[in-house]
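The values are calculated or read from the model by the stated rules, or taken from the named source; none is laboratory data. On a predicted model such as this, the values are computed, not experimentally measured, just so you know. Methodologically, a virtual Cβ is constructed for each residue, glycine included, from the backbone with ideal geometry; neighbour enumeration extends over all protein chains shown. Heads up: the accessible areas ignore ligands, DNA and RNA and are worked out on the full protein's heavy atoms, side chains in. Shrake-Rupley method; radii C 1.70, N 1.55, O 1.52, S 1.80 Å.
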Amino acid sequence: MLNAEGQYVLFVCEGVAEQYILTTLIERGELTIPADFIVPNQLRGTWYFTRKESKQMLDRFLNMSYGEHPLLIVRIVDSDSDVLRVPRGYEHAAEVVNLRTHPEIERLC
C-alpha cells in the first residue's frame, strides 16, 4: 500500500494523460486511498495539482496539520528530470513519492 492508514495524499500530475487517468480511477473508486484522504485542488475543482503548481502547493499545504502522518505527495510524471524537494525544516511534514509512467501513455488518451 502506498500510504499509511489515515494518511492524507496530494497528487501532482505532469500532463493531461496522467490527470485523466487519475481522475478516472478516483471517480470509479478504484484507488486504495479513500477520497476523504485526498487533498483536492479547490481552486481548480480537481483531484490533482499540476506540476507547475508544485511550488505554490508546497507553500500552502506544508503549514497545515494532517494528523499523525506526514502529507504524502504523489507525483505522477513521465520523466525523472524534474524533482520536487520539500524545503528544509518541513521534512517531518511531507514525503514525496514519484510514480513514473512511460511517455507513450500520452497516446492512450
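If you stretched the chain out fully between Lys55 and Leu25, how much longer would it get, using 0.36 nm times the residue separation minus the C-alpha to C-alpha distance?
Working: separation 30, 0.36 × 30 = 10.80 nm, distance 2.54 nm.
Taking 0.36 nm per residue and subtracting the Cα distance, the gain is 8.3 nm.
Taking GluC sites (Glu not before Pro) as candidate sites, keep only those in a DSSP loop with at most 16 other Cβ atoms within 10 Å, then name the longest stretch of the chain containing none of them. Numbers along the way, then the final one.
On the way: sites that count: Glu5, Glu30, Glu68, Glu91.
Longest stretch, sites excluded: 31-67.
Ignoring ligands, DNA and RNA, how do Ser54, Ser65, Ser79 rank by accessible area with a 1.4 Å probe, largest first? Please report the intermediate quantities before stating the final value.
On the way: Ser54 10, Ser65 105, Ser79 35 Å².
The ordering from most to least exposed comes out as Ser65, Ser79, Ser54.
With every protein chain kept in place and ligands, DNA and RNA left out, what is the accessible area per residue of the chain? Probe 1.4 Å, answer in Å². Don't skip to the end; give the middle numbers.
Working: 6910 Å² over 109 residues.
In whole numbers, the chain has 63 Å² accessible per residue.
Given H placed on each backbone N at 1.01 Å, which residues far from Ile76 in sequence or on other chains put an amide H within less than 5 Å of it?
Excluding prolines and chain starts, which carry no amide H, the hits are Val12, Cys13, Glu14, Leu99.
Of Ala17, Ile73, Leu43, which is farthest along the charge dipole of the chain in the positive direction, counting Lys and Arg as +1 and Asp and Glu as -1 at C-beta?
So the residue furthest toward the plus end is Leu43.
Could you work out the helix-only [θ] at 222 nm for the chain, with each DSSP H run of four or more residues adding -39,500 (n - 2.57) and the total divided by the number of residues, to the nearest 500 deg cm²/dmol?
Value at 222 nm, helices only, nearest 500: -5500 deg cm²/dmol.
Which loop trypsin sites (Lys or Arg not before Pro) in region 45-109, with loop taken from DSSP, have no more than 11 other Cβ atoms within 10 angstrom of their Cβ? Let's see the in-between values first.
Working: sites: Arg51, Lys52, Lys55, Arg60, Arg75, Arg85, Arg88, Arg100, Arg107; in loops: Arg85, Arg88.
Listed in order of number, the matching sites are Arg85, Arg88.
Round to the nearest 10 and give me the degree value, 0 to 90, for the angle of helix 16-27's Cα axis relative to the longest principal axis of the chain.
70 degrees
Extension gain Asp36-Asn63, at 0.36 nm per residue separation less the Cα-Cα distance, in nm? Walk me through the numbers before you get to the answer.
Working: separation 27, 0.36 × 27 = 9.72 nm, distance 1.96 nm.
Stretched fully, the Asp36-Asn63 segment lengthens by 7.8 nm.
Normalised radius of gyration for the chain, please: alpha carbon Rg relative to 2.2 N^0.38 Å, two decimal places. Working shown, then result.
Details: Rg = 13.5 Å, N = 109, 2.2 N^0.38 = 13.1 Å.
Cα-based Rg divided by the globular estimate yields 1.03.
Pop the C-beta distance of Ala4 and Leu84 into the FRET formula with R0 = 22 Å and round what comes out to the nearest 0.05.
Values: r = 20 Å, r/R0 = 0.91.
Here the calculated transfer efficiency is 0.65.
Express the carbon and sulfur contribution to the solvent-accessible surface of the chain as a percent, rounded to the nearest whole number, probe 1.4 angstrom.
Numbers: 3530 of 6910 Å².
Carbon and sulfur together cover 51 percent of it.
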